[in-house]
1. Hey, among the residues in region 477-498 that are buried (at least 16 other Cβ atoms within 10 Å of the Cβ) and touching a residue at least 60 places away in the same chain (Cβ under 8 Å), which one's nearest to the chain's Cα centre (by Cα)?
2. Looking at region 302-322, can you tell me whether even one residue there is surrounded by fewer than 20 Cβ atoms within 10 Å (Cβ to Cβ), within 47 Å of the chain's Cα centre (by Cα), outside any loop (DSSP other than H, G, I, E, B) and modelled with pLDDT under 80?
3. Quick check on this structure: which one of 155, 179 is surrounded by 14 or more Cβ atoms within 10 Å (Cβ to Cβ), in contact with a helix residue (DSSP H, G or I) (Cβ under 9 Å, 6 or more places away or on another chain) and modelled with pLDDT under 80?
4. Give the residues of region 462-511 that are in contact with a helix residue (DSSP H, G or I) (Cβ under 8 Å, 6 or more places away or on another chain) and not in a strand (DSSP E or B), sorted by residue number.
5. Given the structure, is residue 521 under 23 Å from residue 641 (Cα atoms), modelled with pLDDT of 75 or more and either in the same structural domain as residue 437 (by TED's automatic domain parsing) or part of a helix (DSSP H, G or I) (or both)?
6. Just one of 438, 420 is part of a helix (DSSP H, G or I), in contact with a strand residue (DSSP E or B) (Cβ under 8 Å, 6 or more places away or on another chain) and in the same structural domain as residue 480 (by TED's automatic domain parsing); which is it?
7. Scan region 323-347 for residues that are touching a residue at least 12 places away in the same chain (Cβ under 8 Å) and in a loop (DSSP other than H, G, I, E, B) and report the count.
8. Would you mind finding the one in 79, 88 that is part of a helix (DSSP H, G or I), surrounded by fewer than 17 Cβ atoms within 10 Å (Cβ to Cβ) and free of Cβ contacts under 8 Å to residues at least 12 places away in the same chain?
């Protein structure tokens with residue numbers, strides 16, 4: 001019995017029963033409304049028909065009795081009323097006069113009786129004072145019940161006063177009387193009510209039948225197209241809930257049910273994929289838990305071990321329920337502070353570094369981190385602790401500390417200043433103790449300041465570009481703390497300092513070296529000037545001879561008191577002025593060349609330096625019949641150098657070319673006897689290139705590697721110092737340039753010099 005009740009309860013609570021109940025209620029309401037309005041409409045229409053028929057009967061009676069009333073023939077009137085009153089359904093026919101007396105009736109007992117104005121028939125017109133003369137048929141109609149209980153309908157009609165009724169031909173009525181009386185026709189509604197009752201029963205039967213038929217159709221439709229698919233979908237979802245994810249797709253369904261079935265099938269497939277992925281991840285995480293190279297434990301509030309990984313098992317051989325501090329920390333009491341208990345209290349992860357002893361008595365170090373394990377309600381049920389043995393790392397840290405101290409000592413004791421610069425801002429991140437000795441600044445005075453402060457303010461931006469782009473910077477001008485200017489060579493290397501992009505900069509003070517080189521260069525200049533003395537004297541002798549001749553001419557003219565033509569005097573004055581300028585230029589050039597030059601880098605036009613060298617040396621070449629061929633690129637990008645120093649380099653090359661050509665000429669060799677020096681300038685690969693080619697015998701291969709060595713020379717004793725090419729090599733190197741020689745036996749030699757173009761040149 002209980003199963004039956006449960007089954008009925010399930011049916012009652014099922015979706016299909018609720019849908020059927022809902023549809024049934026809707027159908028019941030709709031059909032009931034339809035039946036109500038249908039019956040009500042039929043009743044109203046039937047009564048309207050009856051009223052019209054009764055009113056038509058009253059009109060017929062009035063017409064039938066009209067002539068008898070005109071003649072005052074009461075017998076005819078009674079006969080007409082009696083005949084009509086005998087017809088089926090007619091209950092009463094009465095004619096009232098104005099005083100309410102029944103003058104004619106099919107019921108003889110009612111004749112000459114008087115009714116009150118309150119009666120149903122009279123009240124219709126006499127409800128107002130004066131009485132109504134015209135009333136529509138609905139207002140003249142009344143429905144009431146007979147003494148037997150069936151319904152009656154009565155229609156009262158007024159009998160109007162006519163013109164003939166006021167004449168002698170009739171019983172004269174005053175003309176001011178509009179209504180003379182009334183005709184009241186009462187008809188039984190028993191047959192009509194019986195017909196309406198029958199119609200109502202048919203309507204109700206039809207409604208009930210429609211309700212049952214529609215309910216069965218809708219119920220069957222819902223059962224077949226809703227209940228069965230839903231039950232099937234429920235069955236499939238239960239399969240998925242049981243873990244049976246491979247659900248076969250349904251066939252024969254369409255619309256939303258098919259879409260829902262496909263969605264459930266797809267959901268099952270995706271759940272299966274997710275479950276497989278979760279299973280795979282669970283296996284991976286379990287494997288990871290076991291394989292992680294650290295000690296992992298799960299502990300309860302009593303600090304007992306609940307779970308632990310493979311490394312922990314192999315190292316300490318624990319048992320489930322052991323106290324953590326006893327197993328791998330060698331303690332008899334819990335740690336203080338205990339990160340596991342702290343996590344139980346606040347739910348936050350905690351990290352702690354601990355020192356303990358293994359079972360073998362070896363001191364060990366651990367770093368542990370805890371994390372809470374919560375249940376579905378958010379309550380902490382356990383705490384996982386991951387401990388990493390950092391004993392070896394501690395040893396390495398100690399070794400690194402000692403190593404850092406060692407290398408810091410080496411760093412601070414390197415004789416050359418060393419700086420660590422931020423690559424972006426060029427601020428000093430670190431420096432060694434040698435900085436104090438060279439620059440006068442304490443280390444703490446330079447840290448976090450710009451390295452550019454060690455240069456003159458006007459040159460800082462140029463040096464900033466060089467630092468960021470060059471590996472080596474030669475003969476840079478720097479300023480010490482006390483304002484002294486020193487010269488240094490700077491080497492810049494990209495470097496990573498504490499994970500930061502940096503430059504490692506080493507400097508070397510070359511001030512004293514440069515001073516010695518300056519002296520050597522100055523001595524070389526003087527030697528060069530001594531060697532060029534004859535040519536220079538010739539250059540000066542020419543303008544002096546012109547001026548001597550002019551002065552003698554003027555003296556003679558003055559002594560003889562002879563007049564001097566104005567044009568001759570003007571010409572002589574212009575020639576004297578021109579030769580004075582020439583001599584002054586030569587002397588100024590010699591003074592500049594012979595002066596001790598400053599060590600500096602400025603923008604220099606190589607073509608200008610070569611022209612100045614040729615100005616000093618051209619006479620030397622002309623007296624020997626040596627032709628100079630110039631192939632200069634104009635304009636030529638500038639280089640960073642010193643004009644006087646470059647001039648000395650070119651003079652040294654011209655001297656060597658002159659001597660080689662002279663030697664070759666005396667021996668009868670050379671390039672077909674030609675005596676030429678070809679000088680070419682140009683640009684190649686962002687480099688200014690200078691080539692000096694001579695038609696001498698060339699340089700033997702045996703001495704090619706030694707020509708730039710100091711004091712090395714192939715000339716006779718007394719004809720050279722052996723320093724020209726060595727000094728030239730040093731000068732070129734100072735300006736980040738290069739010099740090399742190319743030669744072939746009997747085809748002369750070509751010296752090739754290259755300088756980088758100034759960085760700010762476009």
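The values are calculated or read from the model by the stated rules, or taken from the named source; none is laboratory data. None of these values were measured; they are calculated from a predicted model. Cβ placement follows ideal geometry from the backbone for every residue including glycine, while neighbour counts extend to all protein chains displayed.
1. Only one residue tops the list, namely 477.
2. yes
3. Numbers: 155 fails: modelled with pLDDT under 80.
The unique qualifying residue is 179.
4. 463, 464, 467, 480, 481
5. Here the answer is no, as residue 521 does not meet what is asked.
6. None of the other options fit; the residue is 438.
7. Applying the first criterion (touching a residue at least 12 places away in the same chain (Cβ under 8 Å)) to region 323-347 yields 323-325, 327-331, 334-335, 337-344, 347.
Subsequent filtering for residues that are in a loop (DSSP other than H, G, I, E, B) retains 328-331, 334-335, 337-338, 347.
Counting residues in region 323-347 that are touching a residue at least 12 places away in the same chain (Cβ under 8 Å) and in a loop (DSSP other than H, G, I, E, B) gives 9.
8. Values: 88 fails: part of a helix (DSSP H, G or I).
Testing whether each residue is part of a helix (DSSP H, G or I), surrounded by fewer than 17 Cβ atoms within 10 Å (Cβ to Cβ) and free of Cβ contacts under 8 Å to residues at least 12 places away in the same chain leaves just 79.
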